[in-house]
Amino acid sequence: MSDKLKDRVAVVTGGSSGIGLGIAKRFAREGAKVAITGRNQAAIDKALKEIGADSIGIQGDVSNLTDLVRIYKTVESKLGKIDTLVVNAGVYVLGSVADLTEEQFDKVSDINFKGAFFSVQKALSALKDGASIILISSMVNGKGVPNHSAYSATKAAVRSLARSFSADLLSRRIRVNTLSPGPIDTPVFSTVASSEAEANAMKEAMGGFTPVKRVGTPDEIAAAAVYLASDDSSFMLGAEILLDGGIREL
Ligand code: NAD
């Protein structure tokens, strides 16, 4: 590794699992001091062992504004002002337009859209001028996929926020960009499958939809997150990096 993020303070929401954990681990390898958040303290503690010595973990729900205020206060007091914020926490909720319940709709909107919006708003006073914010959207933000309407709409909202937030934060030189993954090998499939076998079958099928015939890895997303977090991407704002094995463009 190249110390691209040496001594920078990074926060990764939902950093206890999957893509967020992959980003937190790679940021730490690049020299950053990393704070992760997540819903489950045991999962956070396990993840911290993988991330390394200077990392801290804070339990909290991104759809709860009081939790967000507490999270950023804790980060500031333990690590200092924030250089990079990765808004990654999210849930995968599936259902066709005919079947999705109001409860499912509210859950996916509250965590993926409202959670993303306020994860940035409540961080503003703790962010350094010139900070980089990375919003994790999804390849489906620009594609119609069966059973994904509400989920995809939340991810399209997140992609839009990168543009508007960048415009709002110009005077502070805070850049906001979007990373949009295709299917990635994470525990998320277990949250919508009824068994491990079904989760694995779903993952394999999703990999099969990509031109490269495989799912991606969290570390492949993390490599792009390092680029967005570092000064290498200093001319990039309001934009999107699509990492989807070619699904959308081929
Ligand atoms: P995951 O289930 O492995 O991890 C999700 C993380 O978000 C966990 O740490 C969890 O604790 C946290 N989280 C969920 N709800 C939360 C809440 N209310 N408050 C705080 N933390 C919460 O999932 P993943 O696959 O790593 O997904 C991470 C992000 O990437 C999500 O936003 C997801 O929509 C997006 N994404 C995933 C894929 C994929 O194929 N895995 C593809 C495109 C986009």
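Numbers below:
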read-out	value
Options Ala32, Ala53, Ala42, Ala24; residue that is in the same structural domain as Asp106 (by TED's automatic domain parsing), more than 8 Å from the ligand (Cβ to nearest atom), modelled with pLDDT under 95 and not basic (Lys, Arg)	Ala53
Enumeration of residues in the range 228-250 that are surrounded by fewer than 18 Cβ atoms within 10 Å (Cβ to Cβ) and part of a helix (DSSP H, G or I)	Asp231, Asp232
Tally, over the range 66-94, of residues that are outside any helix (DSSP H, G or I) and surrounded by fewer than 18 Cβ atoms within 10 Å (Cβ to Cβ)	3
Test for Phe235: is it more than 30 Å from Gly130 (Cα to Cα) and of a type in the set (A, V, I, L, M, F, W, C)	no
The range 132-151, residues that are surrounded by 20 or more Cβ atoms within 10 Å (Cβ to Cβ) and in a helix (DSSP H, G or I)	Met139, Val140, Asn141, Ala150, Tyr151
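The values are calculated or read from the model by the stated rules, or taken from the named source; none is laboratory data. Model, not experiment: these values are computed from the prediction. All Cβ positions, even for glycine, are placed from backbone atoms using ideal geometry, and neighbour counts span all protein chains on display.
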